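Worksheet: the structure to be examined is printed underneath.
The values are calculated or read from the model by the stated rules, or taken from the named source; none is laboratory data. Everything quoted here is computed from the prediction, not taken from an experiment. Cβ: placed from backbone, ideal geometry, glycine included. Neighbour counts: every protein chain shown. SASA here: full protein model, heavy atoms, side chains in, ligands and nucleic acids out. Shrake-Rupley method; radii C 1.70, N 1.55, O 1.52, S 1.80 Å.
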Amino acid sequence: MTAHALEISGLAKEFDGQEVLHGVDLSVQSGTVTAVVGASGCGKTTLLRLVAGFETPDAGTISIAGRPVADVGRSVPAHRRDVGYVAQDGALFPHLTVGQNIAYGLNGSARSTRARVTELLETVSLDADMARRRPHQLSGGQQQRVALARALAREPALMLLDEPFSALDTGLRSSTRAAVARLLAEAGVTTLLVTHDQEEALSIADQVAVMRDGRFTRVGTPQQVYLTPGDVFTARFLGDCVLLPATITSGVADCALGRVPVRGDVADGSVTLLLRPEQLVAGAVSDGEGGTGVGTVLSSEFRGRDVLLTVDVGGGDPISVRRHGIDPPGVDAKVRVDVIGTATVLDERP
Amino acid sequence: MITDTIPAARRPASVERPGPALVGAVVVLVAATLVPLGYVAWSVIATGPLEVYALVARPRVVELLVNTVGLVVVTVPLCVVLGVGAAWLVERTDVPGRSLWRPLLVAPLAVPAFVNSYAWVSVVPSLHGFWAGILVATTSYFPFVYVPAAATLRRLDPAMEESARALGSSPAGAFWRVVLPQLRLAILGGGLLIGVHLLAEYGAFAMLRFPTLTTAIFEQFQATFNGAAGSTLAGVLVLLCLVLLAGEAAARGTARYSRIGSGAARYLSPHRLGAKAIPAWSVLAVLVALSLGVPAWTILRWLWIGGTEVWDVDGIVSATVQTAGLAAVAATATTVLAFPFAWVAVRYRGFFARFVEGTNFVTSSMPGIVTALALVTVAIRLAPPLYQTVALVLAAYVLLFIPRAMVNLRSGLAQIPPGIEEASRSLGVSPTRTFVRVTLRLVAPAAAAGASLVFVAVATELTATLLLAPTGTSTLAMRFWSLSSELDYAAAAPYALLLVGLSVPVTLVLFRQSTRAAAL
């Protein structure tokens with residue numbers, strides 16, 4: 001498919017003189033899931049509300065399925081935008097039953113509506129009997145699935161999910177997330193999801209956009225943004241980091257852990273190197289041994305399935321290394337830290 | 001930056017502005033609610049400063065002023081002491097029969113003050129003057145302090161009192177230094193309500209032959225219709241009212257509702273009264289006997305004496321039908337008209353919303369007699385055909401009772417998360433249809449509660465009804481008033497019973513509030 005289900009360009013919005021979004025651009029391919037991830041207050045919810053039509057932008061344009069819905073001085077109201085919207089808490093109508101909630105946006109004969117409601121309940125893996133229940137009789141996960149079914153009922157061109165899993169408790173969150181991801185993929189619904197949970201964004205999305213202070217710092221596939229985040233902020237936001245000062249000579253970095261290959265074409269000079277803890281392997285060595293990559297364990301934090309070692313390798317801050325929890329080296333033990341794969345050069349120093 | 005940190009319920013407030021239709025409707029309504037104040041200001045200006053001074057600086061006016069101010073100055077503190085004391089005994093000590101006292105101490109609110117007056121006068125026919133006024137007013141109005149004080153005491157975090165005790169305070173010390181300050185808002189709110197009622201009450205004091213500004217204005221009106229003397233007195237009354245409001249606002253200061261526990265979280269073991277249990281019980285018993293026993297005994301005694309003869313079925317049925325009709329129309333109109341106010345107050349922030357709230361607060365405290373006078377004057381000057389019509393008395397009811405409808409509508413609207421309306425719009429339903437299908441449907445219970453409060457208030461209203469009702473109208477309150485004025489106490493008893501019976505449901509609501517929320 002060539003048409004973009006969502007095309008945003010130069011989008012800006014301010015509230016009470018305070019700029020919330022500064023010229024945001026984003027394209028979402030039809031049939032894919034895009035996650036906008038950022039700390040709370042970064043403007044990601046505002047972005048979603050602008051796309052939904054609950055707010056009007058101060059500048060910039062939005063097109064949904066090739067149709068402009070927001071332009072300078074022109075804004076299509078929310079109810080004519082052909083989007084589905086699922087709020088954080090589901091926002092089910094408390095005065096209607098589950099079935100009536102799902103049928104809310106449908107026009108048609110009572111029979112066809114009933115059939116459609118049953119079908120939608122099945123799509124979100126809920127019993128057809130649920131249709132007669134009231135929203136307050138459902139669990140949080142069920143409410144969220146009803147909200148999704150309600151939004152799917154009108155077969156929108158674009159589905160908007162505002163932190164849809166954050167109100168659920170941890171166990172329910174991952175199972176609901178998996179179910180929703182599968183469902184959206186099967187239905188082929190283009191989805192824009194907003195979340196503050198980077199793990200959620202990385203696991204569910206085809207495209208991840210990291211937002212900070214009303215701007216995207218990095219947009220790309222989950223692998224791209226995780227492995228080559230660009231700047232320190234984005235790197236830290238997406239997961240634990242090991243940052244090392246290094247010198248580049250003809251595509252290879254020299255750092256406290258020895259010579260490490262780097263990704264892409266990098267000019268020679270001093271840089272900051274990004275490694276993820278899972279790229280490092282710590283092996284015990286005898287006390288007398290020295291050389292590059294050998295360091296002293298400063299602390300060892302037992303975390304069940306693994307241990308987190310803090311190792312002083314000399315030259316710069318101590319680094320964190322994750323290691324399996326069998327026979328971990330104790331404090332003051334010597335370890336050799338080896339690097340798996342390639343490192344990434346960051347744009348700026350931390 | 002902002003959106004994520006603002007709680008969801010407040011979000012639209014900073015985003016949207018009220019549309020022109022809404023602003024127009026609200027401006028017209030605000031203008032209408034300002035009619036009483038505007039009338040007073042206009043008539044004082046029209047009379048001229050010298051004339052006004054001559055009218056005010058009369059011994060008669062000074063006497064009325066002393067009576068009225070004295071009434072407020074003595075009754076309000078008395079009610080505070082009785083209300084807070086009773087609330088503390090019932091909620092925080094092991095006084096015998098606590099669950100029985102709770103409803104009994106709220107119940108006096110079901111007896112309109114003029115019915116209470118009637119009860120006392122028929123028990124002690126010689127009762128009149130200042131101290132009689134204090135007695136009737138105190139026994140009628142102390143629950144206005146009791147209800148919020150009891151609610152606050154029930155919900156205060158027990159840890160506060162316990163911490164004070166652990167820091168070395170005696171039980172009395174903990175009460176003065178920790179508990180009483182927490183009751184400040186309850187006391188101020190209840191006190192203001194009592195003050196406003198004292199200024200506005202006509203029937204109760206007229207029956208006790210105790211002249212206040214309101215009774216004097218009423219007599220002036222009946223004698224000279226709308227002379228300068230009456231409107232100048234109304235000006236003085238409005239001034240007193242504004243002083244009361246300003247005083248309460250100043251005393252309240254920046255105080256906010258105290259941290260209040262979640263209610264059922266923990267149970268605070270009550271203070272043991274020991275040997276003092278019997279005196280404490282007796283105080284409550286006397287209070288209930290005076291406030292509830294006297295009216296109950298009087299009404300039942302007259303009904304017993306009167307037998308079946310006092311049940312003038314035709315008169316009672318016709319008065320009931322008229323009362324119900326007036327009250328139903330007024331309740332519907334008031335609730336509908338309160339809607340734009342409540343909508344603006346809940347959904348928008350900024351100068352306009354605050355202005356609307358401020359004017360509502362002031363106009364809601366205007367005595368009924370001022371509203372009635374203002375409407376009569378405006379009708380005679382601008383629309384003479386309206387005078388002596390049901391429309392005019394309905395307008396007075398709307399102006400007087402809009403706040404009661406609004407309080408309920410506001411809380412009802414505030415409980416609807418804006419996310420629900422957004423969900424509806426994202427499902428392809430237009431804002432107007434969303435309002436009908438979602439908002440209106442969800443606010444309906446609150447609107448019904450507000451409407452029933454207004455219904456009861458109208459059904460037991462006396463002052464404005466007496467002044468404005470067209471000739472031939474005869475509501476329950478009017479029938480009661482004319483019969484008891486003719487000293488036909490037995491014939492008035494069935495009407496008193498009906499008036500009390502009408503007020504019982506509202507009193508039940510207040511009783512439930514006293515065992516739940518912190519505000520009246």
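A compact table of results
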| item | result |
| --- | --- |
| Region B:121-141-region B:32-73 distance, computed between alpha-carbon centres (Å) | 26 Å |
| Relative contact order %, chain B, counting alpha carbon pairs below 8 Å whose residues are six or more apart | 25 percent |
| Gaussian network model of chain A, Cα within-10 Å springs - most flexible of A:ASP89, A:ASP197, A:ASP332 | A:ASP332 |
| For q = 0.13, 0.15, 0.17, 0.18 Å⁻¹, Debye-computed log10 I/I(0) when each Cα of region A:6-236 counts as one equal scatterer | -0.77, -1.00, -1.24, -1.35 |
| For chain B, size of Cβ-based charge dipole, Lys and Arg +1, Asp and Glu -1, in debye | 1680 debye |
| Cross-link reach list, aspartates and glutamates versus B:LYS276, counting only Cα pairs under 17 Å and skipping chain neighbours closer than eight places | B:GLU91, B:ASP94 |
| DSSP loop GluC sites (Glu not before Pro) with at most 13 other Cβ within 10 Å excluded, longest remaining stretch of chain A | A:1-288 |
| Cα centre as origin, Lys/Arg/Asp/Glu Cβ charges: the protein assembly as shown dipole, Debye | 1940 debye |
| Signed unit charges on C-beta, dipole axis of region A:6-236, positive-most listed residue A:SER203, A:GLY10, A:THR228 | A:SER203 |
| DSSP bridge orientation in region A:6-236 - percent antiparallel, rounded to nearest 5 | 55 percent |
| List of region A:26-56 residues, accessible area with partners at least 40 Å² below that of the chain alone (1.4 Å probe) | A:GLY41, A:THR45, A:ARG49, A:PHE54 |
| Whole-angstrom Cα spans of region B:412-486 along principal axes, big to small | 66, 22, 13 |
| Ellipsoid equivalent to region A:240-345 - semi-axes via the Cα gyration tensor, in Å | 25, 14, 10 |
| Nitroxide proxy distance, nm - points 7 Å out along Cα→Cβ at B:ALA166 and A:ILE340 | 5.2 nm |
| Heavy-atom accessible area, 1.4 Å probe, ligands and nucleic acids excluded: residues of region A:76-106 down by at least 50 Å² from chain alone | A:HIS79, A:PHE93, A:HIS95, A:TYR104 |
| Among beta bridges that DSSP assigns inside the protein assembly as shown, antiparallel share in %, nearest 5 | 75 percent |
| Within region B:412-520, trypsin sites (Lys or Arg not before Pro) in DSSP loop having at most 16 other beta-carbon neighbours inside 10 Å | B:ARG516 |
| Dipole of chain B, positive end: most advanced residue of B:SER169, B:ALA87, B:ALA200 [Cβ charges, Cα centre] | B:SER169 |
| Surface accessible to a 1.4 Å probe, per residue, for the residues of the protein assembly as shown, Å² | 43 Å² |
| Computed over chain A: relative contact order in percent, which uses C-alpha pairs under 8 Å that are six or more apart | 16 percent |
| For chain B: span of alpha carbons on each principal axis (Å, largest first) | 67, 65, 53 |
| B/A buried area, accessible surface, summed, 1.4 Å probe, Å² | 2600 Å² |
| Between region A:130-158 and region B:146-196, the Cα center-to-center distance that results, in Å | 46 Å |
| Value of Rg to Rh for the protein assembly as shown (Rh from inverse mean 1/r over Cα pairs, i.e. Kirkwood) | 1.10 |
| Minimum 50 Å² accessible area buried by the other protein chains, region B:411-437 residues, probe 1.4 Å, relative to alone | B:ILE420, B:GLU422, B:ARG425, B:SER426, B:LEU427, B:ARG437 |
| Separation between Cα centres of region B:481-506 and region A:308-350, rounded to whole Å | 89 Å |
| Total charge dipole magnitude, region B:96-201, about the Cα centre, Cβ charges on Lys, Arg, Asp, Glu only, Debye to nearest 20 | 200 debye |
| Modelled FRET efficiency - R0 45 Å, B:GLN222 with B:PHE352, Cβ distances, 0.05 increments | 0.65 |
| Partners for A:LYS44 among lysines (Cα-Cα distance below 19 Å; same-chain residues under 8 apart left out) | A:LYS13 |
| The protein assembly as shown - percent of accessible surface contributed by carbon and sulfur, probe 1.4 Å | 60 percent |
| 5 angstrom amide H check on A:VAL294, placed H, neighbours 5+ away | A:VAL337 |
| Around A:ALA35: net Lys/Arg minus Asp/Glu count, Cβ-Cβ under 13 Å | -3 |
